[in-house]
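Here is the structure we will look at.
The values are calculated or read from the model by the stated rules, or taken from the named source; none is laboratory data. All values reported here derive from a predicted model rather than from experimental measurement. Cβ placement follows ideal geometry from the backbone for every residue including glycine, while neighbour counts extend to all protein chains displayed.
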Amino acid sequence: MVGRLGVDAMSAVGIATTLTMVIRITMVAVTSGGFTLVAQAIGAGDPHHASSTAKQSLTLVALVSLVFALLGIALSAPALDFLSPSHAVAELGLPFLQVFFVGLVFIAINYVIQNCLYGAGDTRTPLYLSLLNSIVKLIASYGLIFGAWGLPTLGIVGAAVGTIIGQIAGLVAGMWALYSGRFALSLLPATSYRPDRELASRILTIGIPAGLQGIFRNGSNILFVKFLALTQNPVAAVAAYTVGSQIERFLRRGSLSFGTAAQTLVGQRIGAGDIPQAERYGWTTILVGPLSMLLMGLPLALLGKPYMHLFTTEVEVVRIGVAYLWAICLAEPFMALAIASGGGLRGAGDTKPALNYTLIAQWLVRLPASYLLAFALGLDTDGLWIGLVVVSAVQGALTVRRYAGGAWKAMKV
């Protein structure tokens, strides 16, 4: 939909979305800890503790997201000015980004609801919630972007408003599910939303390293977008990245699903005291995940040109985007390796090593290698895509090595 508004609009949304991912992933500091403790409580047969953890996670993420929303609104303009390849792109992106931050609390609470259900072993309900969210988002976005059905014509701001409306729909349905008593996790009346220092500390001890891992990963993406803005054709490069990154996020959701499976299965088996079965579940997920992502990614890369043409007919945008899609296809199996093994580690509460590996791979390998390949060696955008593959391989190798070491088996959370 945004592609119909032009290359500048696509670039603006791409840059703004990169910034929002840093904030979204910060919520992992709460949701990852809650996920692990809910999984272990369910595995131990303790629904009361699972409910307490879920409510505490909801309270924490609401407070944290309000703080980040205020910071985001205040810092949107300078952040866009720094990253945008032109003033026109920054101007288009500013209202989109500010509307996103206004609705951040709804996005964050939605994320907690889905992750707590994952921790309880329920993956179907989050699927249905995501479908509801997406359907409402698409309908609302179409109406508000183009002014259909008598709605105001908001352009790319309509995409942000539509996203928030979809999140609100998912939140309402998710809270109903948790209170209905019909699903794997129930919010019990005997548990409280009041801050509990001891439980909050346990959630954050697990979650803060995972949250910092996300900040480092997505923080490197911000500088990566800045590199795109320094290439020979920056507007085309950022537009190609915006279109291609939708495929990357699509595949990344697949990788994250294997991380979710590993975290749930390992966490529940540890809660039940069955360490050997926890290890077997983890290894199975680690082996299946990368192969699945290779099989998913290859057809998308082969269809790269027609896919890019769905969004734009600009020759240079298509050329750059097709190369990016091939890099994604090669990189994602390695990222699946890192995410699946990292999920197994998180299920045990072992989150610090993955943080260290992200810092090494994203900041000490990806950014220097990408800059060297793109600018010092003159490969331009192709050098940036090669850097993506290199960093994914490094992060995957480091994380699976940690899982194989077995230190996570002795973790106490």
Seminar exercise, completed: Only unsatisfied item for P195, checking (1) assigned to a loop (DSSP other than H, G, I, E, B); (2) over 27 Å from D46 (Cα atoms), is (2)
Problem set entry | Scan of the stretch 393-413 for residues that are touching a helix residue (DSSP H, G or I) at 6+ places or on another chain (Cβ under 6 Å) and over 19 Å from Q277 (Cβ atoms), ordered by number | A393, V394, Q395, G396, L398, T399, V400, R402
Exercise. Looking at the stretch 178-206, which of its residues are under 10 Å from G33 (Cβ atoms) and without any contact (Cβ under 8 Å) to a residue 40 or more places away in the chain?
Worked result: S201
Exercise. Since G383 meets every condition but one in (1) surrounded by 18 or more Cβ atoms within 10 Å (Cβ to Cβ); (2) more than 26 Å from A278 (Cβ to Cβ); (3) touching a residue at least 24 places away in the same chain (Cβ under 8 Å), which condition does it not meet?
Worked result: (3)
Exercise. Within the stretch 123-145, how many residues are surrounded by fewer than 20 Cβ atoms within 10 Å (Cβ to Cβ) and β-branched (V, I, T)?
Worked result: 4
Exercise. Can you name the residue in the stretch 213-230 that is farther than 20 Å from L359 by Cβ and surrounded by fewer than 22 Cβ atoms within 10 Å (Cβ to Cβ) and is also nearest to the chain's Cα centre (by Cα) among such residues?
Worked result: A229
Exercise. Are any residues in the stretch 223-260 farther than 16 Å from S86 by Cα and of a type in the set (V, I, T), and if so, which ones?
Worked result: V243, I247, T260
Exercise. Going by the conditions given, is G214 touching a residue at least 24 places away in the same chain (Cβ under 8 Å) and more than 25 Å from L298 (Cα to Cα)?
Worked result: yes
Problem set entry | Members of the stretch 43-85 found to be at pLDDT below 90 and either of a type in the set (V, I, T) or assigned by TED's automatic domain parsing to the domain that holds A262 (or both), listed by number | V61, V64, V67, I73
For this session: Check the stretch 327-338 and report whether any residue there is within 21 Å of F227 (Cα to Cα) and touching a Phe, Trp or Tyr at 6+ places or on another chain (Cβ under 6 Å).
Result: yes
